Number of protein chains: 2
Amino acid sequence: MISKVKNAMSTLVGGMMPHGHHQHHGSGNVHHQNCHQDGLPPRFPYGRPEFLDLTPELLQYSTEHASRPVLTLRRDSRLPWRTGYAETINAGKSMLNEDQASCELLYVKKLSEKKQRNSTFLPDIPVFQDGTGIPLQYWGVFDGHAGSGCAIMASKLLHRLIRDRLGDIAHLLENPSTAPPICLAKNGSPYQAEGKKGANAIQDPEEPDAITDPSIRFHTEKAVSLESLIVGIIENSFKQMDELIEKEKVSYAISGGCCALAAIHLMGKLYVANAGDSRAIIIRKKEVIPMSNEFTPESERQRLQYLGFLRPELLGNEFTHLEFPRRIQHKELGKKMLYRDHTMNGWAYKTIVEDDLKFPLIYGEGKKARVMATIGVTRGLGDHDLKVYNSNIYIKPFLSCCPEVMVYDLSKYQHGPNDVLVMGTDGLWDVTTDREVADAVSSFLSCCEPADPVRYTLAAQELLMRSRGVLKERGWRLPNERLGSGDDITCFVIPLSGPAGPET
Amino acid sequence: MISKVKNAMSTLVGGMMPHGHHQHHGSGNVHHQNCHQDGLPPRFPYGRPEFLDLTPELLQYSTEHASRPVLTLRRDSRLPWRTGYAETINAGKSMLNEDQASCELLYVKKLSEKKQRNSTFLPDIPVFQDGTGIPLQYWGVFDGHAGSGCAIMASKLLHRLIRDRLGDIAHLLENPSTAPPICLAKNGSPYQAEGKKGANAIQDPEEPDAITDPSIRFHTEKAVSLESLIVGIIENSFKQMDELIEKEKVSYAISGGCCALAAIHLMGKLYVANAGDSRAIIIRKKEVIPMSNEFTPESERQRLQYLGFLRPELLGNEFTHLEFPRRIQHKELGKKMLYRDHTMNGWAYKTIVEDDLKFPLIYGEGKKARVMATIGVTRGLGDHDLKVYNSNIYIKPFLSCCPEVMVYDLSKYQHGPNDVLVMGTDGLWDVTTDREVADAVSSFLSCCEPADPVRYTLAAQELLMRSRGVLKERGWRLPNERLGSGDDITCFVIPLSGPAGPET
């Protein structure tokens, strides 16, 4: 369903976009009824990542779908951690590049009560740049759909939310050898429970044991690691980001939604959080270590069907939570057809009844799979007013803003100059496998001087061009004549040996 | 919560069990209010697997908790597929052995309409033993809790349900090279859709594509493999088994519930279906290949919390779907405590409110983790009338009877005489790791003659004794003085080289 999107953002970049243009969405393909946004100012103006430092002329140049220029850093500028970066716009499916990216060095510090309270509502609090606090290196890629508003907002704010929430536990981060206290008093100091009896204890008078005996139960504590506390903070920051988008849509035009993939380096560990179909892999000694899973209608089918099963009212009498291998025709009533429900991975035959004629909640295969015939990703930020075309059925209840977080302990391995984390939007991975990316980046880097300051940027550029291909008569083509990706492509290549390079 | 269970089965094995004895349940620890079963006959009498062919004296002997005899096949009898088997009773936690096992060679054939209809309600239809049809080798282990009734019933009937359901697609199994038809006419022959327009098509008049254009949509079919049809049949057979237990509880005493682990060999592939905390691994050239995952309150926490979140009425105002690292005391209201909800893998702090004082839906760690302070496994059969102690809150909505099915293609590998599938109840695995089982079985089998007809039975016995240990002054102990498993233990060792042994 190639959709028509009236994008309120379109007036904001001068003459770049005619109003009411068509937008074609790769992973999204969503309809947006954002007419209530008309007249609202954008939360952030359209642009490319600040670190690219584009002039207005270059910004205009970046949108040329015919040539699809590859943007990297200016020759004289550097990203933190020697990070390599490259991006290119799509082949015409949307006027603007709906991908966004961030790369920030932040510092985690205890915030004052007042700042803490404000931070939820006014995330524009000053970024600590004075170099005190615990360093937090952050990378994010955001793949927007149905507009660029959400992706831009998330690229500007998500890392601040994470930094602020980590600030709440700064005192715990400063003592990493001590396990986080289970309970905190209001002043933030550990609270030690003393009493023996609980309020709602369910007790079995005859059979005391660890569960029923309050003296044991109240003092049996599950150990929680600092690492899992950091994971929880990242998870909840994504939720907070999503709530913030919803809240600010009252006052601003924030179009569409976005997939979000963030990597955080904190105290020797890499936390990779993914909500959507972007992808991160580590390449270590040419070996591939996946650092994310994609969340799509196919990978999350059972979660979505389960929700449709438990809450049929969300299906609006138009959809069935059952999956069928194709649409059913009315004359097939009473015949038997393959189906599967939320409990099944296999398929079975069922007799077709009237209800099965509804459109399946999950339909299509691979990149064409959709939730409610509308959206091709099942996790991400935004999409609060996304509805099924020509209906009042909201998609948002089926979408999750919660990332899956994977942790990689950098201190456990020795990393050479060619060991990297690659983060990319689906445009990068749709036409290039993990293995191909690993081989390409490994062989490219092994030909670069280890001390070359732009080696990771050149590697990112190399990867990106491999997926984009070159323009021939029959469109963008890879060397093997297969179609290149027509999507926006964004790619980070991050050295695992860290900002200073490998120890020698 | 060690529970008191009045077991209606107890009168049925002569003087073996006093009425109203205490039963302690390892993985279950469940209460059972089965008073309505009083006076109902058992669906099947208590006993050990038929293939053990026990005399009444041996049956009595098998229940000796003090000596915990290891039962294997009689010297002169053989199981199909040269299967090795061993079992032993628990160390006293329940009067009877609540584990059960089956090993059956069946034949899949098209059933007549009448037999098909009957089979759901009267599963005692005759087993084809005339050797025609497609051979189906089946192994099942069932780990009962709160009584042995469910485990016995499932061990007698599950394989018949699977065989009957496979009978429905016997004509498809006979032509394995043809993909199963998406739609079947009433006579079972493939039905080819012809029309172009659908009934409930959601159409976008402006933007025809694969989803909105009926001519494409109705003819875009997802390919479904025969393998995934067999998986679906196994999944639905577990559901049917669970429904049958519920239905027959009206007329029979069928106590408790059970974990079910089944392996099916059909047409060169091994299908391993697991619902519960039993476990299956393949050992191939000493390498471990897990063939099941355990379903426990910890592994299924997020699914259960999600249900509690979506359907809070199922928590009966006694439980909270949030997880806390320990119980909260009333005086801790207003303080901050670590928690996680259904969306989180990490932990975060939240301010404690009144609702958080309720008992957590999931509580405890490892083998002590419980759903609603009651049950330690989250998938299995039965448990329809299981309630939280002293309440009217049913546990069943949180339990799933759906197995996870893993498939192993035997034809893809060469298997030697020491390559096996090991299936065991949790008693086997609680004290012995996969690696230890693999090492033990590999080194044991490499010392046996490849042609020894009892080598797999001896290997099963070896594994079982490793987990049981020997009785010392301080209980059952392993060679390293660690505690042996006090649970019922059941173990199959199945040669992957098949019934005839490896080709030479």
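The values are calculated or read from the model by the stated rules, or taken from the named source; none is laboratory data. Values in this document were obtained by computation on a predicted structure and should not be read as measured data. Glycine also receives a Cβ, built like all others from the backbone with ideal geometry; neighbour counts cover every protein chain displayed. Surface areas here come from the heavy atoms of the whole protein model, side chains and all, with no ligands, DNA or RNA. Shrake-Rupley method; radii C 1.70, N 1.55, O 1.52, S 1.80 Å.
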Between rounded, prolate and oblate, where does the range A:311-413 land on the alpha carbon gyration tensor, with a ≥ b ≥ c its root eigenvalues, rounded for a/c under 1.5, else prolate if a/b exceeds b/c? oblate
So how far apart, in nm, are the two label points at A:L333 and B:K269 if each is 7 Å from Cα heading toward Cβ? 3.5
So if each residue of separation counts as 0.36 nm, and I subtract the Cα-Cα distance between A:T351 and A:V250, what length gain in nm does that give? 31.6 nm
For the range A:355-397, which whole percent of the accessible surface, found with a 1.4 angstrom probe, sits on carbon and sulfur atoms? 47
If r is the Cβ-Cβ distance from A:I289 to B:H65 and R0 is 45 Å, what FRET efficiency results, to the nearest 0.05? 0.40
Simple spin-label estimate for B:L483/A:N390, 7 Å along Cα→Cβ, in nm, reads 6.6
What average number of partner chain Cβ atoms lie no more than 10 Å from the Cβ of the residues making up A:316-327? 3
Once neighbouring chains are kept in place and the probe is 1.4 Å, which whole percent of the accessible area of the range A:257-331 is contributed by carbon and sulfur? 53
Calculated label separations, A:D355, copies of the chain, 7 Å along the beta-carbon direction, nm: 2.9
Residue span A:E57 to A:K472: 0.36 nm per residue of separation minus Cα-Cα distance leaves a gain in nm of 146.8 nm
Closest approach to the B/A rotation axis among chain B Cβ atoms, residue and whole-Å value: B:L310, 3
Using a Förster radius of 56 Å, what is the FRET efficiency between A:S299 and A:A500 based on their Cβ-Cβ separation? Nearest 0.05, please. 0.90
Heads up, the range B:379-479 by the C-alpha gyration tensor (a ≥ b ≥ c square roots of eigenvalues; a/c under 1.5 rounded, else a/b over b/c prolate, else oblate) looks oblate
What shape does the range A:235-359 have by the C-alpha gyration tensor, where a ≥ b ≥ c are the square roots of the eigenvalues, rounded means a/c under 1.5, and otherwise prolate means a/b greater than b/c and oblate the rest? oblate
Regression test value, accessible area per residue of the range B:381-504, probe 1.4 Å, units Å², expected 42
What's the total accessible area buried between chains A and B, using a 1.4 Å probe, rounded to the nearest 100 Å²? 7800
What's the FRET efficiency of B:R435 with B:A179 using the Cβ-Cβ distance as r and R₀ = 25 Å, to the nearest 0.05? 0.05
Over the range A:412-504, what percent of the accessible surface lies on carbon and sulfur atoms, probe 1.4 Å? 53
Report the Cα centroid-to-centroid distance between the range B:420-453 and the range B:159-180 in angstrom, as an integer. 32
Label-to-label distances across copies for B:K412, with labels 7 Å out along Cα→Cβ, in nm, shortest first? 2.7
Relative to the other copies, what are the label-point distances for A:K367, with labels 7 Å from Cα along the C-beta vector, expressed in nm at one decimal and sorted shortest first? 5.1
Using a 10 Å cut-off on Cβ atoms, rank the peptides B:395-408, A:151-164, B:300-313 from the highest mean neighbour count down. A:151-164, B:395-408, B:300-313
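Over the whole of A:232-244, what's the average partner chain Cβ count within 10 Å per residue? Rounded to a whole number, please.
Other-chain Cβ atoms within 10 Å of each residue's Cβ, averaged: 3.
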Within 10 Å of each Cβ in B:337-345, how many Cβ atoms from other chains are there, averaged over the peptide? 6
